[in-house]
Structure formats: C-alpha cells, structure tokens
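Structure, as structure tokens:
The values are calculated or read from the model by the stated rules, or taken from the named source; none is laboratory data. Bear in mind the structure is a predicted one, so any value in this text is a computation, not a measurement. Glycine also receives a Cβ, built like all others from the backbone with ideal geometry; neighbour counts cover every protein chain displayed. Note: accessible area is taken over every heavy atom of the protein model, side chains too, but ligands, DNA and RNA are not part of it. Shrake-Rupley method; radii C 1.70, N 1.55, O 1.52, S 1.80 Å.
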Amino acid sequence: MVARVEPPLYCILLGPPGAGKGTQAITLSQDLGLIRLSTGDLFRENIAKQTDLGLRARAYMDRGELVPDDVTIGMVLERLRRPDCAAGAIFDGFPRTAAQARALENALAACEEGIACVLDLEVSHDVLIERLGGRWMCRGCGASYHVSYHPPTVAGKCDECGGELYQRPDDNPETVANRLRVYVEQTEPLQQFYRERNLLVVIDGEQSIEDVQQAMRVAMELARSRRLFQFNTRRAMPPIPQ
Ligand code: ADP
Ligand code: ADP
Ligand code: ZN
C-alpha cells in the first residue's frame, strides 16, 4: 500500500482589526492540525519577554501603526522554519502589506509551495468598533472574548487555559481609529493581490461565531482538496520527455 502524502496547507485570514480572525484561527487550527501563526501574538510574546524585537515593535503597536516590514517578515520566516510548521499554517494578521505578501509568496515558492486560500472576513466599521471596545484577551493563549458577544464562563478567566483576561492597550478608541485607517490604506489592497491569484474567498464576518466558523471550514476543505489535486496530478503527470 502506498502511504498517503498530504502537501502542507497554508491559509491566510484577512480582515480588519476586530473581524474575528483570532477567534476563528484558534478553532480552525485545532480542527485541521495546523499551527496558528499570529504576528500580533508573536509581537506581544516578545514584548512580555522584553526581547529586542519586542522593544522595537512596541512603539509602533502602541500608536496603532504597522511594525516595519523587515522586522515582521524576518520574524515570520524564522517561525516558518520550525518543525511544527511542516504540515502548514494558518496566518492570522499576516501579511498586512504588499511587501509582506510578496515576501511570503517568494519564500513559499522557494520550497515549491504556495498559499491555498485567503479567507477575507468582511465586517462593517461600526460593528468593528463595538467588537474591539468590548474585547478581552487571554494573557496565556491569546484567545479572544467579548463582554456581550462571547463572554467567558468565569469572569476574567480563559475557558481554554484558565489564563487571566485583559483589555489590550491598543484597543482604546484613538488607537483603534488609527488601526482601522492603516488597514484601509495598507492591507485592503491585498484583496486585489489575492483576487488576481484566484485565492480570495470573501466571508460574511457579521454572522454568529459558529456560522462564520462553518463557512470558513467549507472554504478550507475546498482549498485542501484543490491543493491535494494539484499536488497529486503534478506527481502523476510528469512532463512528456521531448
Ligand atoms: P488585530 O487582531 O486587532 O488586528 P493584531 O494582534 O493582529 O491586532 O496586531 C496588533 C498590532 O501588532 C498591529 O496593530 C501592528 O502594530 C502589529 N502587527 C501585527 N501583525 C503585523 C504585521 N503583519 N505587520 C506589521 N505589524 C503587525
Ligand atoms: P481579530 O483577531 O480579527 O482582531 P478577534 O477574533 O479578536 O478579531 O475578535 C474581535 C472581538 O469580536 C472579540 O471580542 C471577539 O470575541 C468578538 N467576535 C469575534 N467574532 C465574532 C462574531 N462572529 N460575532 C460577534 N463577536 C465576535
Ligand atoms: Zn487562554
């Protein structure tokens, strides 16, 4: 019997701050056995450990600006080289600029890999403000909660890991306004970048957490089958020798 070989699966969750990327990425990554690569979480871990990277990133994050591309790309490529990324990854909050998208595309192409799908969560401005204003995040695992829409079972404690919940300093109204502006200017153009590559799937992010989850799962399963087909047919049909 021939062992079944699955190619790695790389998916991107796109969408403005507060769209629900983190909430969905945690469940999807557990279901699919992929790691969740959240650049926001990686920066916050570095800040907590007071590394040089964390010290550099902090000033930008506090202002609601993007951390410079060279720092962000270097951090992601380093993370992708670790063995737990062998099966692929769900990118949450990366890429956020054209330079990041191109760097990721080139890095994957260098190992004959590519992005399988980009799930773009669409949520209106007013709903985003409401979500970020009531967001509480876990210090331990980065899970998101909401005072009204997704409260924890025990106040102030994470359902997943029991960690302490806190309100992110960059979720204050002024910084949120800047982050949403930065999203429109620097990240939204990536919709076109991925649409041109036939990878963009738009998902209505204003549905319930469960309904968004279901829509994303369907899209990811489709992407996985597509990727498997591509992978197998390439192996099964080598070019005809001239
Ligand atoms: P949210 O989930 O609310 O969009 P994140 O946790 O993804 O927020 O990001 C928090 C902050 O970390 C951003 O405002 C930005 O300063 C920084 N950051 C995260 N990802 C990136 C990225 N890919 N490029 C540059 N900066 C980033
Ligand atoms: P992002 O990672 O895109 O910034 P989060 O996953 O942290 O977004 O979600 C932002 C806030 O909105 C959190 O408080 C979360 O509990 C809440 N939230 C996420 N998805 C939904 C949803 N479908 N309906 C209502 N609230 C949601
Ligand atoms: Zn937790």
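Per the 1.4 Å probe, what fraction of the accessible area of the chain, in percent, lies on carbon and sulfur atoms? Could you put the intermediate results ahead of the total?
Values: 7030 of 13020 Å².
Ligands and nucleic acids excluded, carbon and sulfur give 54 percent.
For region 112-242, calculate the relative contact order in percent as a whole number, restricting contacts to Cα pairs under 8 Å that are 6 or more residues apart. Can you show the working numbers first?
Working: 114 pairs, mean separation 41.3, N = 131.
The normalised contact order for region 112-242 reaches 32 percent.
Expressed as a whole number of Å, what is the distance separating the alpha-carbon centroids of region 146-174 and region 179-207?
26 Å
With each label point set 7 Å from Cα along the Cα-Cβ vector, what nm distance links Asn106 and Glu196?
Taking the simple label geometry, Asn106 and Glu196 are separated by 1.6 nm.
Go through region 181-193 residue by residue and turn each phi into a ³J(HN,Hα) via Karplus (6.51, -1.76, 1.60, θ = phi - 60°); whole Hz please, and just put x for glycine and proline.
With coefficients 6.51, -1.76 and 1.60, one gets 5, 4, 4, 4, 6, 10, 9, 4, x, 5, 4, 5, 3 Hz.
Using a 1.4 Å probe, what is the accessible area per residue for the chain, in Å²?
54 Å²
Mean 1/r over all different Cα pairs, inverted: what Kirkwood radius does region 140-203 give, in Å?
Numbers: mean 1/r = 0.0681 Å⁻¹.
Radius from the Kirkwood sum: 14.7 Å.
Per 10 Å bin, what percent of the C-alpha pairs of region 76-194 does each bin hold, from zero upward?
With a bin width of 10 Å, the distribution comes to 11, 33, 33, 21, 2.
Tell me the Kirkwood hydrodynamic radius of the chain in angstroms, computed as one over the mean inverse distance between distinct C-alpha pairs.
On the way: mean 1/r = 0.0530 Å⁻¹.
After inverting the mean inverse Cα-Cα distance, the result is 18.9 Å.
With each pseudo-label sitting 7 Å past Cα toward Cβ, what's the Arg63-Glu210 distance in nm, one decimal?
In this crude label model, Arg63 to Glu210 measures out at 4.4 nm.
Counting each DSSP H run of 4 or more residues in the chain as -39500 (n - 2.57), what helix-only mean residue ellipticity at 222 nm follows after dividing by all residues, to the nearest 500 deg cm²/dmol? Walk me through the intermediate numbers first.
On the way: 9 runs with 113 residues, N = 242.
That comes out to -14500 deg cm²/dmol.
Using modelled backbone amide H atoms (1.01 Å from N, in-plane), which distant-in-sequence or interchain residues come within less than 5 Å of His146's amide H?
Trp136
How much length would be gained if the chain were fully extended between Glu6 and Arg168, taking 0.36 nm per residue of separation minus their Cα-Cα distance, in nm to one decimal?
Values: separation 162, 0.36 × 162 = 58.32 nm, distance 3.81 nm.
Additional length available on full extension: 54.5 nm.
Can you give the translational diffusion coefficient of region 136-242 in µm²/s, computed by Stokes-Einstein from the Kirkwood radius over Cα pairs at 10 °C and 1.306 mPa s?
Details: Rh = 17.9 Å.
Rounded to a whole number, D works out at 89 µm²/s.
Above 20 Å lies some portion of the pair distances; for region 1-86, what is it as a whole percent of all C-alpha pairs? Before the final figure, lay out each step's value.
Values: 1636 of 3655 pairs.
Every Cα pair in region 1-86 considered, those over 20 Å come to 45 percent.
Stokes-Einstein D for region 22-141 at 20 °C, 1.002 mPa s, Kirkwood Rh over Cα pairs, in µm²/s? Please list the in-between numbers first.
Working: Rh = 15.7 Å.
So the translational diffusion coefficient is about 136 µm²/s.
To test your reading of the geometry: what angle, between 0 and 90 degrees and rounded to tens, separates the Cα axis of helix 209-236 from the longest principal axis of the chain?
20 degrees
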